[in-house]
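> One structure is given below, represented as structure tokens, and several questions about it will come after.
The values are calculated or read from the model by the stated rules, or taken from the named source; none is laboratory data. Note that this is a predicted model, so its numbers are computed, not measured. Don't worry about glycine lacking a Cβ; one is built from the backbone with ideal geometry, like all the others, and counts go over all protein chains shown.
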Amino acid sequence: MENKIRYKKSKRVSIISILVNIGLTMAKAFIGVLSGSTALIADAFHSASDLFSTIIVMQGIKIAHQPPDESHPYGHHRAESITSKILAIILMITAVGIGNESYQILKSSSINTPQVSAIYAAILSIVAKELMYRYAFKVGKEINSQALIADAWHNRSDAFSSIAAVIGIAGALLGYPIMDPLAGIVVAILIFKTGITIYIDAIKVLMDTAPPKEIIDKIQKSAKKSPGVIEIHDIKVRQYGPKYFVDLKICVDPYITVEEGHRISGQAKQHIIQSDLDILDVLVHVNPCKE
């Protein structure tokens, strides 16, 4: 049930994002061509990449919510991390293409001065993409979706690129036409930087990088709520998409029965799972405390 609600929320965000990006891509490309703005056309390509990446995010989240099967006994949650990685690569390729196009125009002798209508289109994009970022980021944090958060940052990078486009277009209108293709290059750098950040975050998850210390501390406090737990050590946590797997050792009275030790470990496991962390499973090793 929880997975269905999570998927429904993420799907709603993705559908809204697709509709917004279709509208912005068409508007910016059309006005960019009519007004002769290199920066705005580059920004339109960025919105188009947003559209493509959101479709990939939707598919990734759909796969991530499939139940465990014989081939994937731990589930498919890492599909979100893989999706984030693909999204990062798309961003970097888009950035290289935009940067190269702007550079070629910068090298040419004829640089057109864009019309003022290009600024209005860029401002509309800034407002729309910032609102999409806030919405997608809020839902992504709420359901702990790495893919959705990555797509949210993709939206914000588009807002930043639109700001660069406004600066470039305004500079060109004030008599500095070179500012327009220069803004296109700035847009490319911003997009590439965002791609690198998302890629590194995805790699960290896929490499089972340890979570922040506060998460370890929360797990330790939750396990200590179980009566009979004397010591806790060797806590290992790995992220599996939006979920966490926990492996830890507890120390109990060496003179209790095996059944009693099993009961204590079961309680410790339940306390950890019932914490506010998104824990998928916990493996508790029971050791006798040294006298």
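> Any chance the stretch 233-246 includes a residue that's hydrophobic (A, V, I, L, M, F, W, C), modelled with pLDDT under 90 and in contact with a Lys or Arg (Cβ under 6 Å, 6 or more places away or on another chain)?
Yes: the stretch 233-246 contains one or more residues that are hydrophobic (A, V, I, L, M, F, W, C), modelled with pLDDT under 90 and in contact with a Lys or Arg (Cβ under 6 Å, 6 or more places away or on another chain).
> Here's a follow-up. Which residue out of Ile198, Ile232 is touching a residue at least 40 places away in the same chain (Cβ under 8 Å) and hydrophobic (A, V, I, L, M, F, W, C)? I'd like the intermediate steps shown before the answer.
Values: Ile232 fails: touching a residue at least 40 places away in the same chain (Cβ under 8 Å).
The unique qualifying residue is Ile198.
Table: residues versus (1) without any contact (Cβ under 8 Å) to a residue 40 or more places away in the chain; (2) touching a Ser or Thr at 6+ places or on another chain (Cβ under 7 Å); (3) assigned to a helix (DSSP H, G or I); (4) of a type in the set (A, V, I, L, M, F, W, C).
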| position | (1), (2), (3), (4) |
| --- | --- |
| Lys9 | no, no, yes, no |
| Val13 | no, no, yes, yes |
| Asn21 | yes, yes, yes, no |
| Ala27 | no, no, yes, yes |
| Ser47 | no, yes, yes, no |
| Leu51 | yes, yes, yes, yes |
| Thr54 | no, yes, yes, no |
| Gly60 | no, yes, yes, no |
| Ile63 | yes, no, yes, yes |
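> In this structure, is Ile185 closer than 24 Å to Glu80 by Cα, assigned by TED's automatic domain parsing to the domain that holds Leu40, assigned to a helix (DSSP H, G or I) and not acidic (Asp, Glu)?
Working: closer than 24 Å to Glu80 by Cα: no; assigned by TED's automatic domain parsing to the domain that holds Leu40: yes; assigned to a helix (DSSP H, G or I): yes; not acidic (Asp, Glu): yes.
When the stated conditions are applied, Ile185 does not pass them.
> Just a yes or no: is a residue in the stretch 35-51 assigned by TED's automatic domain parsing to the domain that holds Asn144, in contact with a Phe, Trp or Tyr (Cβ under 9 Å, 6 or more places away or on another chain) and acidic (Asp, Glu)? Walk me through how you get there before you give the answer.
Residues of the stretch 35-51 that are assigned by TED's automatic domain parsing to the domain that holds Asn144, as a first pass: 35-51.
Filter again for in contact with a Phe, Trp or Tyr (Cβ under 9 Å, 6 or more places away or on another chain), leaving 44.
Next, from what is left, pick out any that are acidic (Asp, Glu): none.
The answer is no, given that none of the residues of the stretch 35-51 is assigned by TED's automatic domain parsing to the domain that holds Asn144, in contact with a Phe, Trp or Tyr (Cβ under 9 Å, 6 or more places away or on another chain) and acidic (Asp, Glu).
For (1) crowded, with 19+ Cβ neighbours inside 10 Å; (2) modelled with pLDDT of 75 or more; (3) assigned by TED's automatic domain parsing to the domain that holds Gly36, each residue gets a yes or a no:
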position: Lys138; (1), (2), (3): no, yes, yes
position: Gln146; (1), (2), (3): yes, no, yes
position: Ala150; (1), (2), (3): yes, yes, yes
position: Asn155; (1), (2), (3): yes, yes, yes
position: Ser162; (1), (2), (3): yes, yes, yes
position: Met179; (1), (2), (3): yes, yes, yes
position: Ile191; (1), (2), (3): yes, yes, yes
position: Ile200; (1), (2), (3): no, yes, yes
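> From the residues in the stretch 227-254 that are among the aliphatic types (A, V, I, L, M) and out of contact with any Cys (no Cβ under 6 Å at 6 or more places or on another chain), which one is farthest from Ser84 (Cα to Cα)? Can you show your working first?
Looking only at the stretch 227-254, we keep the residues that are among the aliphatic types (A, V, I, L, M), and these are 229-230, 232, 235, 237, 246, 248, 250, 252.
With out of contact with any Cys (no Cβ under 6 Å at 6 or more places or on another chain) added as a condition, the list becomes 229, 232, 235, 237, 246, 248, 250, 252.
Details: Val229: 39, Ile232: 34, Ile235: 27, Val237: 21, Val246: 23, Leu248: 29, Ile250: 36, Val252: 42 Å.
Within the stretch 227-254, the match that is farthest from Ser84 (Cα to Cα) is Val252.
> Please go through the stretch 38-81 and pick out each residue that is more than 23 Å from Glu130 (Cα to Cα) and surrounded by fewer than 19 Cβ atoms within 10 Å (Cβ to Cβ).
Gln59, Lys62, Ile63, Gln66, Pro67, Pro68, Asp69, Glu70, Ser71, His72, Pro73, Tyr74
> Filter the stretch 202-247 for residues that are surrounded by 19 or more Cβ atoms within 10 Å (Cβ to Cβ) and hydroxyl-bearing (Ser, Thr, Tyr); which is farthest from Tyr74 (Cα to Cα)?
Ser226
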